[in-house]
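Shown next, in structure tokens, is the structure this report addresses.
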Amino acid sequence: MTTVALKPATMAQALGRALRDAMAADPSVHVMGEDVGTLGGVFRVTDGLAKEFGDDRCTDTPLAEAGILGAAVGMAMYGLRPVVEMQFDAFAYPAFEQLLSHVAKMRNRTRGAMPLPITIRVPYGGGIGGVEHHSDSSEAYYMATPGLHVVMPATVSDAYGMLREAIASDDPVVFLEPKRLYWSKDSWNPDEPEAVEPIGRAVVRREGRSATLITYGPSVPVCLEAAEAARAEGWDLEVVDLRSLVPFDDETVAASVRRTGRAVVVHESTGFGGPGGEIAARVTERCFHHLEAPVLRVAGFDIPYPPPMLERHHLPGVDRILDAVGRLQWEAQS
Amino acid sequence: MTVMEQRGAYRPTPPPAWQPRTDPAPLLPDALPHRVLGTDAAAKVDPALLRRLHSELVRGRRYNVQATALTKQGRLAVYPSSTGQEACEVAAALVLEDRDWLFPSYRDTLAAVARGLDPVQALTLLRGDWHTGYDPHEHRIAPLCTPLATQLPHAVGLAHAARLKGDDVVALALVGDGGTSEGDFHEALNFAAVWQAPVVFLVQNNGFAISVPLAKQTAAPSLAHKAVGYGMPGRLVDGNDAVAVHQVLSEAIAHARAGGGPTLVEAVTYRIDAHTNADDATRYRGDAEVETWRGHDPVTLVERELTERGLLDEAALQAVRDDAEAMAADLRERMNQDPVLDPMDLFAHVYAQPTTQLLEQESQLRAELDAEADGTLGAGPHGPEGAGR
């Protein structure tokens, strides 16, 4: 038995490999979007696909997001499996009408006769020093729309495994790619990618007994860092990576909070109207008698995304997370 | 040599990268809408086509009358009538092959019916028992589309996909004059032309977007002229002349099928009825205008041609009307039956596999329905002062 030497790979590379393998495995998979062909995408995720599969399988489209997604709907109606790239989170908004009125509803309005297996890849979130309109956390808009799956990987392995599963799904999947994790590296074998948990299952990234940090996407590494720092304070924090907001894994989240009795939800999206409110409500409904303190949220401020030189004050960081953990009514503990 | 010394010899040239992309002249629409009926060309029209168009137009008119009546009887929630536009609706259905796809808007149930869809299924959306009352794959009719012009990119994508798969399929997308102001109209036509997709866009310019007349919608010379900006041909046709619409659409579809790319067709017609039964057209237009258009009625135009050429006697005309009456009677009878609804369907098709949250909500509704059936709904736990405590 030989051991495969694992090389470090970036999340962007794993995503690109997932697209390549999906296209090789299924001729109905088509990649389309702005600059995805010759350039290989502004984040180079689609690098090499047009060369390997031709312009008809990896297509540079006109610069029009509603047109891209609308055309993808028609292609899916005819049996293709489009994977569209929205170049940046805030540039996906012109496609909202197609997404909300057609992509999310087509299966339902046709009683299942016309499912739309479309994957919508959206580089999202802040922390890369992007200027205005390049750093939005738009997940709350998507998760408020029945009919869509809304998922976001936080690890290199998940990036590959979840994207393959999203493309294979017969339902539309909004696949949010944390921009600032594109260049994060992990040991990963592209020729034998490990199986990952299915979409819809949360994963405990770090076990702990004191409190649960519930998070996803770009905030997962931040929470893991906070959990390490918390050891000095005597707290043993559990970190749950949701991986998917829709479907939502109530079971794993509630099981963790019942064990720890305390929870903080962490995300970059705004607190008011953000996913944290929904998550806190769900936890409270299920774990009320196990809770030692109200579920707290550490979120982006309720402001338009700040200019890059100020974004560090907006994004949830280790100190803000630890501050929230400190407010979980420890003094009440006997 | 200094810049000053060069200046005398310097002659500006065109921008280095610029070259004309395409010759606009062949793309321009004719100055006047194309007509056949009432012109010398009418004599050459195949009698079989005339008879077919006539019987479909008579059925179509009867369908519009019947559907409007059903709104008054409370059997339809709403009906956007295509009365006066039957030539476009019928021609759109007849020019397509079985394998082709039709992309209708909410005003185009008649086109779907003329293509072979059961009228009860076509009217499901407007009755309100479900959104799409049919399997789109069965007759290759996309769901009736309510958000304006959003079905146009779908038609482009489907046509593009068919071409990629090597299938000989054309998509025909229907939109109104108001819809041409939407961004999706622009994006769809641009994609179609860039991809040379086998798709035809039929704009039924019926004069109004609910109450707003075309003059407030566009400053273009005609809607057909918009095609030139995308690099596709624009055609202008008398939308009440069924033969002309049939001809122009057939040519555009043959062009697309042969790999020639998309065409934009503007059919000039008129919405005789209000926007829907809920609208009051007297607030924004006068009777005289409507009467003028009644004098250019699509059914009458074909009927007159047939009669003048001796192709339609009293008996034949009666047979066509009897057939339309039978269709209306059948529609009336079936629409007068209450649809059988299963509220649990609400959860059945949101996702391929329902989420755990939807399963919980499904159980909740089922319990409510059971309680309703038992007469125990609302008899659950009460507050401390409530009954039974």
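The values are calculated or read from the model by the stated rules, or taken from the named source; none is laboratory data. Please read these numbers as outputs of a predicted model, since none were measured by experiment. Because the Cβ atoms are built from the backbone with ideal geometry, glycine has one as well, and the counts that use them run over all protein chains shown.
The listed residues are B:13, B:22, B:68, and the only one of them that is under 29 Å from the mean Cα position of the chain (by Cα) and surrounded by fewer than 22 Cβ atoms within 10 Å (Cβ to Cβ) turns out to be B:68. Each residue in region B:283-296 was checked for being part of a helix (DSSP H, G or I) and either touching a strand residue (DSSP E or B) at 6+ places or on another chain (Cβ under 9 Å) or small (Gly, Ala, Ser) (or both), and 1 pass. Of the residues making up region A:228-252, those that are in contact with a Ser or Thr (Cβ under 8 Å, 6 or more places away or on another chain), β-branched (Val, Ile, Thr) and either part of a helix (DSSP H, G or I) or farther than 23 Å from residue B:359 by Cα (or both) number 2.
In the condition set (1) surrounded by fewer than 24 Cβ atoms within 10 Å (Cβ to Cβ); (2) under 18 Å from the mean Cα position of the chain (by Cα); (3) not β-branched (Val, Ile, Thr), residue B:196 is compliant with all but (2). Among the criteria (1) in a helix (DSSP H, G or I); (2) under 24 Å from residue B:151 (Cα atoms); (3) touching a helix residue (DSSP H, G or I) at 6+ places or on another chain (Cβ under 8 Å), the one residue A:21 does not fulfil is (2). What about residue B:297, is it surrounded by fewer than 13 Cβ atoms within 10 Å (Cβ to Cβ) and out of contact with any helix residue (DSSP H, G or I) (no Cβ under 7 Å at 6 or more places or on another chain)? So residue B:297 fails the test.
Please pick out the residue among B:129, B:98 that is within 14 Å of another protein chain (Cβ to nearest Cβ), outside any helix (DSSP H, G or I) and of a type in the set (Asp, Glu).
Numbers: B:98 fails: within 14 Å of another protein chain (Cβ to nearest Cβ).
Going through B:129, B:98 in turn, just one is within 14 Å of another protein chain (Cβ to nearest Cβ), outside any helix (DSSP H, G or I) and of a type in the set (Asp, Glu): B:129.
Quick test for you: out of B:174, B:148, B:126, pick the one residue that is surrounded by 19 or more Cβ atoms within 10 Å (Cβ to Cβ) and in contact with a strand residue (DSSP E or B) (Cβ under 6 Å, 6 or more places away or on another chain). Talk me through it step by step, then tell me what you get.
On the way: B:148 fails: in contact with a strand residue (DSSP E or B) (Cβ under 6 Å, 6 or more places away or on another chain); B:126 fails: in contact with a strand residue (DSSP E or B) (Cβ under 6 Å, 6 or more places away or on another chain).
Unique residue meeting the criteria: B:174.
Within region A:296-334, being surrounded by 15 or more Cβ atoms within 10 Å (Cβ to Cβ) and more than 25 Å from the chain's Cα centre (by Cα) holds for A:328, A:330.
The residue of region A:243-263 that is surrounded by the most Cβ atoms within 10 Å (Cβ to Cβ), among those that are touching a residue at least 60 places away in the same chain (Cβ under 8 Å) and either among the aromatic types (Phe, Trp, Tyr) or under 20 Å from residue A:152 (Cα atoms) (or both), is A:243. Taking the conditions (1) in contact (Cβ under 8 Å) with a residue 40 or more places away in the chain; (2) surrounded by 15 or more Cβ atoms within 10 Å (Cβ to Cβ); (3) within 14 Å of another protein chain (Cβ to nearest Cβ) in turn, residue B:350 satisfies each one other than (1). One residue stands out among those in region A:158-202 that are in contact with a Phe, Trp or Tyr (Cβ under 6 Å, 6 or more places away or on another chain) and within 14 Å of chain B (Cβ to nearest Cβ): the one that is nearest to residue A:217 (Cα to Cα), which is A:174.
Here's the yes/no breakdown for (1) free of Cβ contacts under 8 Å to residues at least 40 places away in the same chain; (2) not aliphatic (A, V, I, L, M):
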site: B:249; (1), (2): no, no
site: B:256; (1), (2): no, no
site: B:270; (1), (2): no, yes
site: B:284; (1), (2): no, yes
site: B:292; (1), (2): yes, yes
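Of the residues examined, residue A:297 is one that is of a type in the set (D, E, K, R), closer than 24 Å to residue A:232 by Cβ and in contact with a Gly (Cβ under 9 Å, 6 or more places away or on another chain).
To keep it simple, each residue is scored yes or no on (1) out of contact with any Ser or Thr (no Cβ under 9 Å at 6 or more places or on another chain); (2) modelled with pLDDT under 95; (3) within 16 Å of residue A:167 (Cα to Cα).
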site: A:16; (1), (2), (3): no, no, yes
site: A:26; (1), (2), (3): yes, no, yes
site: A:39; (1), (2), (3): no, no, no
site: A:77; (1), (2), (3): yes, no, yes
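Within region A:276-295, restricting attention to residues that are assigned to a helix (DSSP H, G or I) and farther than 20 Å from residue A:246 by Cβ, the residue that is farthest from the chain's Cα centre (by Cα) is A:289. Screening region A:52-143 for strands (runs of 3 or more DSSP E) wholly inside it with 2 or more residues that are more than 9 Å from chain B (Cβ to nearest Cβ), farther than 23 Å from residue B:155 by Cα and in contact with a strand residue (DSSP E or B) (Cβ under 8 Å, 6 or more places away or on another chain) returns the ranges A:119-124. Would you say residue A:29 is within 24 Å of residue B:198 (Cβ to Cβ), more than 7 Å from every other protein chain (Cβ to nearest Cβ), out of contact with any Gly (no Cβ under 6 Å at 6 or more places or on another chain) and of a type in the set (A, V, I, L, M)? For residue A:29, the condition - within 24 Å of residue B:198 (Cβ to Cβ), more than 7 Å from every other protein chain (Cβ to nearest Cβ), out of contact with any Gly (no Cβ under 6 Å at 6 or more places or on another chain) and of a type in the set (A, V, I, L, M) - is met. Looking at residue A:273, is it of a type in the set (Gly, Ala, Ser), more than 15 Å from residue A:137 (Cβ to Cβ), out of contact with any Gly (no Cβ under 7 Å at 6 or more places or on another chain) and not in a helix (DSSP H, G or I)? Taking the combined requirement at face value, the residue does not satisfy it. Out of everything in region B:51-65 that is aliphatic (A, V, I, L, M) and surrounded by fewer than 24 Cβ atoms within 10 Å (Cβ to Cβ), what residue ends up being farthest from residue B:240 (Cα to Cα)? Result: B:65.
Restricted to region A:193-228, and to residues that are of a type in the set (Ser, Thr, Tyr) and over 11 Å from residue A:241 (Cβ atoms), which residue is surrounded by the fewest Cβ atoms within 10 Å (Cβ to Cβ)? Write out each step before concluding.
At the first step, the residues of region A:193-228 found to be of a type in the set (Ser, Thr, Tyr) are A:210, A:212, A:215-216, A:219.
Narrowing further to those that are over 11 Å from residue A:241 (Cβ atoms): A:210, A:212.
Working: A:210: 19, A:212: 29.
Among those that are of a type in the set (Ser, Thr, Tyr) and over 11 Å from residue A:241 (Cβ atoms), it is A:210.
Can you say whether residue B:318 is surrounded by fewer than 14 Cβ atoms within 10 Å (Cβ to Cβ), at pLDDT 95 or above, closer than 28 Å to residue A:170 by Cβ and polar (S, T, N, Q), as far as the supplied structure shows?
Numbers: surrounded by fewer than 14 Cβ atoms within 10 Å (Cβ to Cβ): yes; at pLDDT 95 or above: yes; closer than 28 Å to residue A:170 by Cβ: no; polar (S, T, N, Q): yes.
Spelling it out, it is not the case that residue B:318 is surrounded by fewer than 14 Cβ atoms within 10 Å (Cβ to Cβ), at pLDDT 95 or above, closer than 28 Å to residue A:170 by Cβ and polar (S, T, N, Q).
Provide a single number: the residues in region B:149-178 that are closer than 22 Å to residue B:86 by Cβ and either acidic (Asp, Glu) or in contact with a Ser or Thr (Cβ under 7 Å, 6 or more places away or on another chain) (or both). Residues in region B:149-178 being closer than 22 Å to residue B:86 by Cβ and either acidic (Asp, Glu) or in contact with a Ser or Thr (Cβ under 7 Å, 6 or more places away or on another chain) (or both): 5 in total.
Of these, B:108, B:30, B:118, B:100, which one is touching a strand residue (DSSP E or B) at 6+ places or on another chain (Cβ under 6 Å), among the charged types (D, E, K, R) and crowded, with 17+ Cβ neighbours inside 10 Å?
Details: B:30 fails: crowded, with 17+ Cβ neighbours inside 10 Å; B:118 fails: touching a strand residue (DSSP E or B) at 6+ places or on another chain (Cβ under 6 Å); B:100 fails: touching a strand residue (DSSP E or B) at 6+ places or on another chain (Cβ under 6 Å).
Testing whether each residue is touching a strand residue (DSSP E or B) at 6+ places or on another chain (Cβ under 6 Å), among the charged types (D, E, K, R) and crowded, with 17+ Cβ neighbours inside 10 Å leaves just B:108.
Listed by first and then second residue, the pairs linking a residue in region B:357-374 that is at pLDDT 95 or above to a residue that is hydroxyl-bearing (Ser, Thr, Tyr), with Cβ atoms under 8 Å apart and 6 or more places separating them unless they lie on different chains, are B:358/B:351. Put simply, of B:320, B:299, B:243 the only residue that is touching a His at 6+ places or on another chain (Cβ under 7 Å), part of a helix (DSSP H, G or I), in contact (Cβ under 8 Å) with a residue 40 or more places away in the chain and within 27 Å of residue B:44 (Cα to Cα) is B:320.
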